Amino acid sequence: MEARDPELKKELDATLRARRELGEDYESALVESFLEKVEQRLDSTVDRRVRRRLAEQRMTTARGAAEPPRGGPGFGERFGFGAVSLVLAVPLSAIAVTNADFKGLVVAWLGIVGVNAVHAARGLPRLRGNRERSDWEE
C-alpha cells in the first residue's frame with residue numbers, strides 16, 4: 001500500500017459524499033465501513049510482504065545456505081536497550097555511590113558500559129578465520 005493510494009482516496013471521497021447525503025445519523029457506520037476497507041488493504045499488504053520474505057528465506061535455504069542470513073539488532077532494539085540501560089543507570093549509580101562512594105560509581109558504570117558493549121557487538125559481522133573452500137575455488 002502506498003502512502004497515496006488512489007483506490008483508498010476514492011473510497012474516502014465516496015464515504016464523505018455519502019456522509020453529506022445521509023447526515024450524521026450514519027456517520028459511525030460509514031467510518032466503520034471505510035476503516036474495514038483500510039484494514040483489508042493493510043492485511044493484504046502485510047500478507048504479501050510476509051509471503052515474499054518467506055520465499056526469500058526458502059530460496060536462500062534451498063541454495064545451500066546453512067541458515068537464512070540474520071542481521072544484527074535493528075535500530076529499535078538498539079535504541080530501546082540503550083534507553084532502558086540509561087534509565088536503570090540512575091538508580092544503580094545512586095545505590096553505588098551510597099554504598100561504596102566513587103569506587104562503587106565507577107564499578108557500576110563499567111558494568112553498564114560493558115553490558116551495552118556486548119549488546120552492540122552482537123550485531124557486528126562475524127569474522128571467519130578458517131572458512132572452508134567451496135567447489136568453485138581452486
In nm, the gap between the two label points placed 7 Å beyond Cα toward Cβ at residue 84 and residue 22 is 4.6
Restricting to lysines and to Cα separations under 20 Å from residue 103, and discarding same-chain partners fewer than 8 apart, the set is none
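Each reported figure results from applying straightforward, stated rules to the coordinates on display, with no laboratory input. Everything numeric in this text was worked out from a predicted model, so none of it was measured. Because the Cβ atoms are built from the backbone with ideal geometry, glycine has one as well, and the counts that use them run over all protein chains shown.
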